[in-house]
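Comments concern the structure below.
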Amino acid sequence: MGRSISKDFFRYVSTNVLGMIGLSCYIFADTLFVARGLGTNGLAALNLSISMYGLIYAGGLMIGIGGATRFAILKARGQIGQARTVFTHAMVAGIVLGLVFLSVGLLFSEQLSVFLGADAVIFEMTNTYLRTILLFGPAFVVNSVLLAFVRNDGNPNLAMAGMLTSSFGNILLDYILIFPLQMGMFGAALATGIASVIGIFLLLLHFRGPCTLRLQGCRFQFRYLRDMAALGLSTFITEISGGLVLVVFNLTILGIAGNVGVAAYGVVANLAFIAMSIFTGIGQGLQPLASYSHGRGEPTVLRRILFYGLITVMVTAGAIYLLVLGFSDEIVAAFNRENNVELARYAKEGLLIYFTGFIFAGANVVGAGYCAATERTALSFVISITRGAVAIIPLVLILARCFGMVGVWLSFPGAEMVTFMVGVALASRNRWTQKTTADGRLRA
């Protein structure tokens with residue numbers, strides 16, 4: 001890794017952001033093609049079932065980001081054998097977790113569909129998408145683990161290529177399976193699953209060249225899994241909370257505006273997912289740099305990395321909102337095949353209110369990711385759990401009761417603002433950048 005911090009930052013962040021945008025297009029492509037091919041009911045069914053994809057993705061990222069963070073720290077300290085042991089444990093854990101999801105898909109997809117709110121009109125479509133996505137659980141989890149480790153082993157370009165190739169493959173397969181082959185919801189889910197397998201095969205090219213990553217024989221030790229879970233917890237909470245919030249929002253909106261309201265939230269949520277993927281890409285892009293510098297004991301470099309990250313997300317958030325403000329009608333129309341006036345009204349209103357929260361959301365995501373990368377797991381956990389559940393769930397329930405759908409949209413910017421204030425308070429008390437001991441090593 002080079003020592004020009006600005007160049008390293010741009011290289012890792014830009015490639016990771018591009019890759020994350022591509023990865024987010026997995027679900028965006030499903031949403032767009034389902035909306036055009038199956039209409040409002042298909043869009044509502046997809047939005048109900050997509051929370052399970054978030055759970056799978058969260059599990060994969062917790063193992064991947066947590067393990068890859070420890071891998072980067074150990075690699076920076078020259079402890080290659082231990083770094084490879086971490087990678088081996090992460091791969092085994094990823095496969096086991098993926099098999100758990102597969103089993104749930106085989107045995108409990110119908111019960112999950114009912115739990116998530118599917119009524120008789122959309123039950124079959126919801127169940128079909130859920131079951132298929134869960135059956136591809138091993139592929140989704142392993143793909144996430146490999147992405148994190150390949151990026152942290154000094155190959156962000158291949159990680160980006162893996163994410164983009166998967167995304168473009170998903171878009172192409174979505175079109176073919178939903179329209180010419182008329183496979184409906186099953187086709188949408190199947191396309192997403194196959195795309196993740198394509199990504200795995202591309203990432204395996206990393207092992208053909210010189211690299212640190214190697215599977216090695218070792219005795220299973222639970223402490224490695226505990227360490228990965230601790231370091232990846234903030235990422236897990238960020239992703240899992242998205243699925244939890246999706247369920248809470250859907251159930252709340254069903255009581256206010258029915259399936260049309262859920263479909264409108266599907267438009268807002270999927271566009272928000274793309275925007276959040278950019279912030280996540282910035283946070284994950286700076287993670288290898290922060291972990292490496294933390295391992296080498298470089299507090300000045302760490303401060304620069306955090307500064308670059310915060311400036312980048314603030315500028316990006318402003319640009320995203322200006323785009324939404326200027327093209328909200330066109331965005332909504334792309335998802336509204338039936339020209340449903342009620343859907344258009346709800347979705348446009350949601351875009352304009354909901355997206356104001358991204359100014360704060362970007363800083364929150366980067367702050368939590370930076371703390372996790374530098375082993376400040378307690379701070380990372382507080383920021384993540386506040387924005388992911390503690391603030392947003394009470395707000396959506398209270399504001400929806402008071403203001404209806406407007407209250408639903410307001411809950412996201414409100415929660416991100418509360419989280420930002422909590423983060424600033426913690427930063428002033430605990431200092432996000434770590435101090436050093438007399439020998440130059442970092443300490444918590």
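Return yes when Ile359 is out of contact with any His (no Cβ under 9 Å at 6 or more places or on another chain), closer than 15 Å to Phe327 by Cα and not polar (S, T, N, Q) and no when it is not. Let's see the steps before the verdict.
On the way: out of contact with any His (no Cβ under 9 Å at 6 or more places or on another chain): yes; closer than 15 Å to Phe327 by Cα: no; not polar (S, T, N, Q): yes.
No; evaluated as a whole, the condition is false for this residue.
Among the listed residues Thr356, Thr300, which satisfies the condition of being of a type outside the set (Gly, Ala, Ser), part of a helix (DSSP H, G or I) and farther than 19 Å from Ala269 by Cβ? I'd like the intermediate steps shown before the answer.
Details: Thr356 fails: farther than 19 Å from Ala269 by Cβ.
One residue alone meets the criteria, Thr300.
Starting from segment 217-233, take each residue that is of a type in the set (Val, Ile, Thr) and in a helix (DSSP H, G or I) and list its partners that are buried (at least 21 other Cβ atoms within 10 Å of the Cβ) and modelled with pLDDT of 85 or more, counting only C-beta distances under 6 angstrom and pairs at least six apart or across chains.
Between residues of segment 217-233 that are of a type in the set (Val, Ile, Thr) and in a helix (DSSP H, G or I) and residues that are buried (at least 21 other Cβ atoms within 10 Å of the Cβ) and modelled with pLDDT of 85 or more, there is no close pair.
Could you say which residue among Ser51, Ser6 is of a type in the set (Gly, Ala, Ser), out of contact with any strand residue (DSSP E or B) (no Cβ under 8 Å at 6 or more places or on another chain) and surrounded by fewer than 21 Cβ atoms within 10 Å (Cβ to Cβ)?
The match here is Ser6.
When you go through Leu204, Leu146, Leu190 one by one, which is the residue that is free of Cβ contacts under 8 Å to residues at least 60 places away in the same chain, among the hydrophobic types (A, V, I, L, M, F, W, C), part of a helix (DSSP H, G or I) and within 17 Å of Ile95 (Cα to Cα)?
Only one candidate passes the filter, namely Leu204.
Tell me which residues, restricted to segment 85-128, are farther than 25 Å from Ile63 by Cα and outside any loop (DSSP other than H, G, I, E, B). Step through it out loud before you land on a result.
Taking segment 85-128 as the starting set, the residues that turn out to be farther than 25 Å from Ile63 by Cα are 110-111, 113-128.
Selection gives Glu110, Gln111, Ser113, Val114, Phe115, Phe123, Glu124, Met125, Thr126, Asn127, Thr128.
Any chance segment 13-21 includes a residue that's buried (at least 23 other Cβ atoms within 10 Å of the Cβ) and of a type in the set (S, T, N, Q)?
Scanning segment 13-21, I find at least one residue that is buried (at least 23 other Cβ atoms within 10 Å of the Cβ) and of a type in the set (S, T, N, Q), so the answer is yes.
Mind listing whichever residues of segment 221-242 are touching a Ser or Thr at 6+ places or on another chain (Cβ under 9 Å) and among the hydrophobic types (A, V, I, L, M, F, W, C)?
Correct list: Met228, Ala230, Leu231, Leu233, Phe236, Ile237.
Is segment 152-170 home to any residue that is part of a loop (DSSP other than H, G, I, E, B) and open to solvent by 20 Å² or more (accessible area, probe 1.4 Å)?
Checking segment 152-170: at least one residue is part of a loop (DSSP other than H, G, I, E, B) and open to solvent by 20 Å² or more (accessible area, probe 1.4 Å).
The rows are residues; the columns are (1) closer than 21 Å to Ser113 by Cβ; (2) open to solvent by 40 Å² or more (accessible area, probe 1.4 Å); (3) out of contact with any Cys (no Cβ under 6 Å at 6 or more places or on another chain); (4) of a type in the set (Asp, Glu).
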site: Phe222; (1), (2), (3), (4): no, yes, yes, no
site: Thr235; (1), (2), (3), (4): no, no, yes, no
site: Glu239; (1), (2), (3), (4): no, no, yes, yes
site: Val245; (1), (2), (3), (4): yes, no, yes, no
site: Ile253; (1), (2), (3), (4): yes, no, yes, no
site: Asn259; (1), (2), (3), (4): yes, no, yes, no
site: Val262; (1), (2), (3), (4): yes, no, yes, no
site: Val267; (1), (2), (3), (4): no, no, yes, no
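From the list Val92, Val141, Val114, Val86, which residue is under 21 Å from the mean Cα position of the chain (by Cα) and β-branched (Val, Ile, Thr)?
None of the other options fit; the residue is Val141.
Just to check your reading of the model, which residue among Gly281, Gly318 is touching a residue at least 12 places away in the same chain (Cβ under 8 Å), crowded, with 23+ Cβ neighbours inside 10 Å and assigned to a helix (DSSP H, G or I)?
Gly281
Filtering segment 332-353 down to residues that are assigned to a helix (DSSP H, G or I) and among the basic types (Lys, Arg), which residue is farthest from Phe236 (Cα to Cα)?
My answer is Arg345.
Assess whether Ser144 counts as being modelled with pLDDT of 90 or more, buried (at least 24 other Cβ atoms within 10 Å of the Cβ), among the polar types (S, T, N, Q) and under 21 Å from Arg84 (Cβ atoms). Quick ask: steps written out before the conclusion?
Working: modelled with pLDDT of 90 or more: yes; buried (at least 24 other Cβ atoms within 10 Å of the Cβ): yes; among the polar types (S, T, N, Q): yes; under 21 Å from Arg84 (Cβ atoms): yes.
Yes: the conditions hold for Ser144.
Is segment 91-111 home to any residue that is in contact (Cβ under 8 Å) with a residue 12 or more places away in the chain, surrounded by fewer than 18 Cβ atoms within 10 Å (Cβ to Cβ), charged (D, E, K, R) and within 30 Å of Ile253 (Cα to Cα)?
Yes, segment 91-111 contains at least one residue that is in contact (Cβ under 8 Å) with a residue 12 or more places away in the chain, surrounded by fewer than 18 Cβ atoms within 10 Å (Cβ to Cβ), charged (D, E, K, R) and within 30 Å of Ile253 (Cα to Cα).
Can you tell me which residue in segment 176-198 is least open to solvent (accessible area, probe 1.4 Å), limited to those that are more than 23 Å from Phe123 (Cα to Cα) and out of contact with any Phe, Trp or Tyr (no Cβ under 6 Å at 6 or more places or on another chain)? Outline the logic, then answer.
Going through segment 176-198, the residues more than 23 Å from Phe123 (Cα to Cα) turn out to be 176, 180, 194-198.
Cutting the leftovers down to out of contact with any Phe, Trp or Tyr (no Cβ under 6 Å at 6 or more places or on another chain) gives us 176, 180, 194-195, 197-198.
Numbers: Ile176: 62, Pro180: 82, Ile194: 60, Ala195: 0, Val197: 50, Ile198: 66 Å².
It comes out as Ala195.
Condition first: buried (at least 22 other Cβ atoms within 10 Å of the Cβ), modelled with pLDDT of 90 or more and of a type in the set (Lys, Arg). Now tell me which residues in segment 329-387 satisfy that.
Correct list: empty.
The values are calculated or read from the model by the stated rules, or taken from the named source; none is laboratory data. The structure presented is a predicted model; accordingly, all values stated were derived computationally and were not measured. Using ideal geometry, Cβ is built from the backbone for each residue, glycine included, and neighbour counts are taken over all protein chains shown. Ligands, DNA and RNA are excluded from the accessible area calculation, which covers all protein heavy atoms including side chains. Shrake-Rupley method; radii C 1.70, N 1.55, O 1.52, S 1.80 Å.
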